[in-house]
Amino acid sequence: MSLAFGTDLNGKVAVVTGAGGVLCGMFAKTLAKSGAKVAVLDLNEEAAESVAKEIVAEGGVAKAYKANVLDKTNLEEVHAKVLVDLGPCDLLLNGAGGNNPRATTTKEYFEMGDIEADTISFFDLDQAGVEFVFNLNFIGTLLPSQVFAKDMIGREGCNIINVSSMNAYTPLTKIPAYSGAKAAISNFTQWLAVHFSKVGIRVNAIAPGFFVTKQNEKLLFNEDGSPTARSQKILNATPMGRYGEAEELNGALLFLANNDAAGFVTGVVIPVDGGFSAYSGV
Ligand code: NAD
């Protein structure tokens with residue numbers, strides 16, 4: 001992976017949550033390639049280890065930690081380890097997040113007869129499922145910020161980067177909890193940016209549009225390579241008419257992480273979406 005431009009993070013410590021995953025694994029590698037020592041945090045220890053190993057194999061500095069973004073005591077234990085292993089956190093990337101089938105309706109629109117039908121309608125959404133999704137995305141961003149941003153107080157050039165989504169602007173059909181939770185992330189990004197503005201901690205977010213990853217490939221494309229029905233809707237709603245490549249998120253990350261370039265930028269959510277969030281559909 002070659003980086004679009006340079007951001008010198010030598011001497012910095014970056015903590016990335018959800019870093020065993022597709023996008024945040026890439027973010028962790030990008031930060032390491034820019035010189036940061038990276039704490040690779042994930043609930044899935046094996047996935048975290050694998051990303052850390054890759055970074056080290058490429059000459060970077062990284063260490064994996066099993067961490068649950070919903071457990072403050074666990075995060076504090078991990079924080080203590082990171083302090084000893086790598087040092088205080090300069091950059092926190094809150095990446096852990098996602099949706100869950102228990103908080104997803106089967107159909108886009110409610111129609112007569114759906115209450116009796118063998119589908120999950122709005123009325124069947126499971127409270128625990130909805131809470132799970134809200135907590136994972138929102139509380140899972142708030143708690144690591146509480147734990148790791150303490151390192152940033154009184155030190156220069158520190159910042160937090162959250163991960164929002166297209167559904168924060170306008171909800172996507174079927175996924176009300178994930179949409180609401182990501183809207184909360186964008187809102188919280190602004191709130192925390194204001195709250196920390198007097199102590200020099202910048203807080204921003206990246207809102208990825210639609211990216212093909214190994215995980216969603218099968219949902220987006222039929223076996224013959226043609227787009228599925230939902231995939232075609234996404235492409236129709238993306239003025240650039242294509243999916244993003246995960247590496248295309250790196251420019252926003254490197255910009256926000258760069259104190260020379262983005263030193264006066266706080267409280268923004270940068271869409272990287274081929275125009276999806278700008279397009280009304282007409
Ligand atoms: P992913 O599923 O590959 O990665 C998420 C990672 O979070 C996984 O490794 C998982 O083990 C970890 N995780 C889950 N629960 C956790 C917990 N309680 N504590 C710590 N780690 C936990 O997902 P991704 O596609 O790489 O998404 C990363 C972020 O980007 C998420 O916040 C997601 O909502 C957001 N996002 C993704 C897309 C996309 O197109 N993939 C679009 C918009 C936003």
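None of the figures in this text is laboratory data; all of them are computed from the coordinates on show. Worth saying up front: this structure is predicted, and the values here are computed from it rather than measured. Neighbour counts are summed over all protein chains in view; Cβ atoms, including those assigned to glycine, are modelled from backbone coordinates with ideal geometry.
Taken over the range 135-158, the criterion of being touching a Gly at 6+ places or on another chain (Cβ under 7 Å) and within 21 Å of Gly98 (Cβ to Cβ) is satisfied by Leu136, Asn137, Gly140. Listed by position, the helices (runs of 4 or more DSSP H) inside the range 174-282 whose residues that are surrounded by fewer than 20 Cβ atoms within 10 Å (Cβ to Cβ) and charged (D, E, K, R) number at least 1 are 217-220, 229-236, 259-262. Number of residues in the range 54-113 that are surrounded by fewer than 16 Cβ atoms within 10 Å (Cβ to Cβ), part of a helix (DSSP H, G or I) and either touching a Pro at 6+ places or on another chain (Cβ under 8 Å) or acidic (Asp, Glu) (or both): the value is 3. Being of a type in the set (Asp, Glu) and out of contact with any Phe, Trp or Tyr (no Cβ under 9 Å at 6 or more places or on another chain) is not true of Glu248. Within the range 35-49, if we keep just the residues that are among the small types (Gly, Ala, Ser) and under 19 Å from the mean Cα position of the chain (by Cα), the residue that is farthest from the ligand (Cβ to nearest atom) turns out to be Ala36.
Within the set Ala19, Ala4, the sole residue that is touching a residue at least 60 places away in the same chain (Cβ under 8 Å), within 12 Å of the ligand (Cβ to nearest atom) and not in a helix (DSSP H, G or I) turns out to be Ala19. Scan the range 180-187 and tell me whether some residue there is hydroxyl-bearing (Ser, Thr, Tyr) and within 15 Å of the ligand (Cβ to nearest atom). Yes, some residue in the range 180-187 is hydroxyl-bearing (Ser, Thr, Tyr) and within 15 Å of the ligand (Cβ to nearest atom). Number of residues in the range 201-219 that are within 12 Å of the ligand (Cβ to nearest atom) and out of contact with any Leu (no Cβ under 9 Å at 6 or more places or on another chain): the value is 7.
If you check Val56, Val51, Val61, which single one turns out to be of a type in the set (A, V, I, L, M, F, W, C), out of contact with any helix residue (DSSP H, G or I) (no Cβ under 8 Å at 6 or more places or on another chain) and over 17 Å from Asn162 (Cα atoms)? Answer to the check: Val56.
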